[in-house]
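Undergrad: So that we are looking at the same thing, I have put the structure below in structure tokens.
Taken together, the values in this text are just the output of simple stated rules run on the coordinates, not laboratory data. Computed from a prediction, not measured in an experiment: that's the story for all the values here. Virtual Cβ from ideal backbone geometry, glycine too; neighbours counted across all protein chains shown.
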Amino acid sequence: MSEQQKYYITTPIYYVNDKPHVGTVYTTISADVLARRHRQKGDEVFFLVGVDENSQKNVESAKKAGKDVQVYVDELAGIFRETWLKLGISFDRFIRTTSAEHKKAVYDFFKRVNDKGDIYQGDYEGYYCVGCEEFKVESDLVEGKCPEHKREPEWISEKNYFFKLSNYRQALLDHIDSNPDFIQPVSRRNEMVNYIRDHMEDFSITRQTAEWGIPLPTDESQVIYVWFDALINYLSGIGFGQDQEKFEKYWPADLQLMGKNITKFHCAYWTGMLLSAGLPLPKKIYAHGFFTINGEKISKSLGNAIDPLDLIEEYPFDAVRYFMLREIKYGEDGDFSLDRLRERYNSDLANDLGNLVQRTLNMIDKYLGGKVNKSVRHDAPVDFVQVSNLTEELRFDEALKVIWLGVSWANKYIEDEKPWEIAKVGDLEKLAIVLARLYDILKDIAYELVAYLPETAEKIKDLLEVDEVVPPVGSLFPRKE
Ligand code: MSP
């Protein structure tokens, strides 16, 4: 038995300028798989999720909705939390950046960095894109516009406070160099090394003109820049500035997950901030790819941002989890389409897995009166141990493929052995062994599915862990036309 370990995993905290969509669900599902896998191993898991509330983007959305900003962010934070609960996301805490605890953590953190001498006053003159919540330079723009948000950035000229990120350039490069797994996948790691080495500069950590956010404790005319505030959620979420014991138990994070669009903020800004505050760096930062919907970028203006709550009207959430993790190679870009979801649902879930469970339990009921010899082991040439390793390496599609090798083996075993014919000739001994092997592989499959398809795994386990097996009343995955 390996020793029990703590496992702290985070997702980005999402802006509340809109409700959750399949993009934000994607990162959250993948973190949920890892949290569940580590709980299954017996680790002490802390899985943090939350929302980024002190952003100008949110103010703009509140204004558009004609609502008071606080009322608006309260509403949206509630929608995020409820959505994750309805989807069965197994988070341990939902952090909000408008909470008093978070604000205190930001103040404590700022004090450390300020005491270290890494904050200085200066003038900022340049572009700012509210869509990205990011300061921009000329070379970031295409025809004068932010290529991501297709809008002209604001020109800002104001007094700001800056963080001396450049102080940490060498330390960061050294850390990345001596910890090859620190930034993953490798493509992102290389990108970050180039950025840190050649382009990284000090960044402004306050805004003079912002009306919403956490005021700077040493100069209340300034509001803390949303990224400097938001990143600290990873500390406030586990008690930094409140519960030192809890904080020390969980920090540093074992894995920080995000999409590739915000790698720079995490691999450069965040890590520099931590070095300045004298705190250890996360063990691993992983930035996955982006996906389109039917080939189009997810965007508010296209109105193609699928609400997961609409999806679960049609499909069990397990099917959505399966589809996203099986269809898109983690770390790479991909495409999401409802047609592909239906295809995968019908073939992999309804035909392969659902039928296997149904047929096996039907036969055990019909031929053995529900009684199966639980000491017989299957002999499928499938190495289920790989599922653990592949999951740990975030190779989710490959892990699912290994599980499905087991499913295919069992379906083929039924076709080859033809238990109905063994029954016809009355070889009860052989029949009992064949069905016991199928029962045994279903047990392995259910175990491996716990992290990936938690609801399905639970259903299969409930069907198996009884003295006398009875077939499920309906199919686990009824076919969709
Ligand atoms: N608030 C910041 C994060 C602060 S973390 C300290 C933010 N929020 S966001 O709402 O814009 O969320 C961005 C994240 O949502 C991405 O990094 C990714 O995790 C997820 N995704 C949003 N759209 C996505 C896709 N189309 N594809 C994959 N992931 C997507 O940035």
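Undergrad: Taking the number of other C-beta atoms within 10 Å as the exposure measure, put H149, H102, H266 in order starting with the fewest. It would help to have the intermediate numbers written out before the result.
TA: Details: H149 14, H102 27, H266 24.
Going from least to most buried by this count: H149, H266, H102.
Undergrad: Give me the Kirkwood hydrodynamic radius of region 338-464 in Å, from all C-alpha pairs, to one decimal place?
TA: It is 15.2 Å.
Undergrad: To continue, here is another question. Sorted by packing (mean other beta-carbon atoms within 10 Å per residue), highest first, where do 434-441, 88-95, 393-400 land? It would help to have the intermediate numbers written out before the result.
TA: Values: 434-441: 22.8, 88-95: 17.4, 393-400: 20.1.
My ranking of the peptides, most packed first, is 434-441, 393-400, 88-95.
Undergrad: What's the magnitude of the charge dipole for region 338-464 around its Cα centre, counting Lys and Arg as +1 and Asp and Glu as -1 at the beta-carbon? Answer in Debye, nearest 20.
TA: On the way: 18 positive and 23 negative charges, 92 e Å.
The calculated dipole for region 338-464 is roughly 440 debye.
Undergrad: A further question follows. Please state the relative contact order of the chain as a whole percent: Cα pairs under 8 Å, 6+ residues apart?
TA: Working: 734 pairs, mean separation 73.2, N = 481.
15 percent.
Undergrad: Only sites in a loop by DSSP and with at most 16 other Cβ atoms within 10 Å count here; which trypsin sites (Lys or Arg not before Pro) in region 321-394 make the cut? Walk me through the intermediate numbers first.
TA: On the way: sites: R321, R326, K329, R340, R342, R344, R359, K366, K371, K374, R377; in loops: K329, K371, K374, R377.
Passing sites in region 321-394 are K329, K371, K374, R377.
Undergrad: Something else about it: Kindly put H378, H38 in sequence by how many other C-beta atoms sit within 10 Å of each C-beta, fewest to most. Let's see the in-between values first.
TA: Values: H378 18, H38 24.
Final ranking by Cβ density, sparse to dense: H378, H38.
Undergrad: Using Cα atoms only, what is the angle between the long axis of helix 100-115 and the major principal axis of the chain, expressed in degrees (0 to 90) to the nearest 10?
TA: Approximately 50 degrees, to the nearest 10.
Undergrad: Normalised by the residues of region 338-464, what does the relative contact order come to in percent, with Cα pairs under 8 Å and at least six apart?
TA: Numbers: 102 pairs, mean separation 38.0, N = 127.
About 30 percent, as a whole number.
Undergrad: Using Cα positions and a limit of under 17 Å, work out the lysines in reach of K116, with same-chain residues fewer than 8 apart set aside.
TA: Within reach: K164.
Undergrad: If you don't mind, another one. Nearest 20 debye, what's the magnitude of the dipole of the chain about its Cα centre given +1 on Lys and Arg Cβ and -1 on Asp and Glu Cβ?
TA: About 520 debye.
Undergrad: Using the charge dipole of the chain (Lys, Arg: +1 at Cβ; Asp, Glu: -1 at Cβ; taken about the Cα centre), state which of Q386, Q244, I224 has its Cα farthest towards the positive end.
TA: After comparing all options, I get Q386.
Undergrad: Same structure, new question: Step by step: find N for the chain, compute 2.2 N^0.38 Å, then divide the Cα radius of gyration by it. What's the final number? List each step's numbers first, then the result.
TA: Values: Rg = 25.6 Å, N = 481, 2.2 N^0.38 = 23.0 Å.
Here the answer is 1.12, to two decimals.
Undergrad: Using the Cα centre of the chain as origin and beta-carbon charges of +1 (Lys, Arg) and -1 (Asp, Glu), tell me which of N362, A432, V470 is placed farthest towards the positive end of the dipole.
TA: About the Cα centre, the residue reaching furthest to the positive side is A432.
Undergrad: Moving on. Can you give me the long-range amide H partners of Q222? Hydrogens built in the peptide plane at 1.01 Å from N, cutoff under 5 Å, separation of 5 or more residues or another chain.
TA: L216
Undergrad: Taking the DSSP beta bridges in the chain as the whole, what percent of them are antiparallel, to the nearest 5?
TA: Working: 22 of 44 bridges.
Expressed as a percentage, antiparallel bridges in the chain total about 50.
Undergrad: Taking +1 at the Cβ of each Lys and Arg and -1 at the Cβ of each Asp and Glu, which of L85, L34, N346 sits farthest along the dipole of the chain towards its positive end, judged by Cα position relative to the Cα centre?
TA: Selected residue: N346.
Undergrad: Separate question: Quick one: grab the alpha carbon gyration tensor of region 1-125, order the square roots of its eigenvalues as a ≥ b ≥ c, and give me rounded if a/c is under 1.5, else prolate or oblate depending on whether a/b is larger than b/c.
TA: Numbers: a/c = 2.53, a/b = 1.24, b/c = 2.04.
Here region 1-125 falls in the oblate category.
Undergrad: What residues qualify as long-range amide H neighbours of I156, i.e. H under 5 Å apart, gap of 5 or more or another chain, H built at 1.01 Å from N?
TA: Long-range HN contacts for I156: G126, Y127, Y128.
Undergrad: Let me ask another. Can you give the local net charge around I422? Use residues other than it whose beta-carbon is closer than 15 angstrom to its beta-carbon, Lys and Arg +1, Asp and Glu -1. Don't skip to the end; give the middle numbers.
TA: Values: positive: R359, K366, K418, K424, K430, R437; negative: E415, D416, E417, E421, D427, E429.
The answer is 0.
Undergrad: Ok, one more. Of all GluC sites (Glu not before Pro) in region 432-476, which ones are in loop regions per DSSP and have a Cβ with at most 15 other Cβ atoms within 10 Å? Don't jump to the answer; show the numbers that get you there.
TA: Values: sites: E448, E455, E458, E465, E468; in loops: E465, E468.
When the GluC sites (Glu not before Pro) of region 432-476 are filtered for loop state and at most 15 Cβ neighbours within 10 Å, E465, E468 remain.
Undergrad: Let me ask you something else. Too long at a 26 Å Cα-Cα cut-off: which of K57/K249; K86/K283; K67/K300; K283/K443; K371/K443; K104/K150?
TA: On the way: K57/K249 34 Å; K86/K283 30 Å; K67/K300 19 Å; K283/K443 34 Å; K371/K443 15 Å; K104/K150 36 Å.
Over 26 Å apart, Cα to Cα: K57/K249; K86/K283; K283/K443; K104/K150.
Undergrad: Here is a follow-up. Name the aspartates and glutamates eligible as straight-distance cross-link partners of K297: C-alpha to C-alpha under 12 Å, and not fewer than 8 places from it in the same chain.
TA: K297 reaches E148, D333, D335.
Undergrad: Return the loop-located GluC sites (Glu not before Pro) in region 65-146 (DSSP other than H, G, I, E, B) with at most 15 other Cβ atoms within 10 Å of their own Cβ; answer none if there are none. Before the final figure, lay out each step's value.
TA: Working: sites: E75, E82, E101, E125, E133, E134, E138, E143; in loops: E133, E143.
Here the GluC sites (Glu not before Pro) that fit, given the DSSP loop and packing criteria, are E143.
Undergrad: Based only on other Cβ atoms within 10 Å, what is the fewest-to-most ordering of V51, V473, V466, V193?
TA: V473, V466, V193, V51
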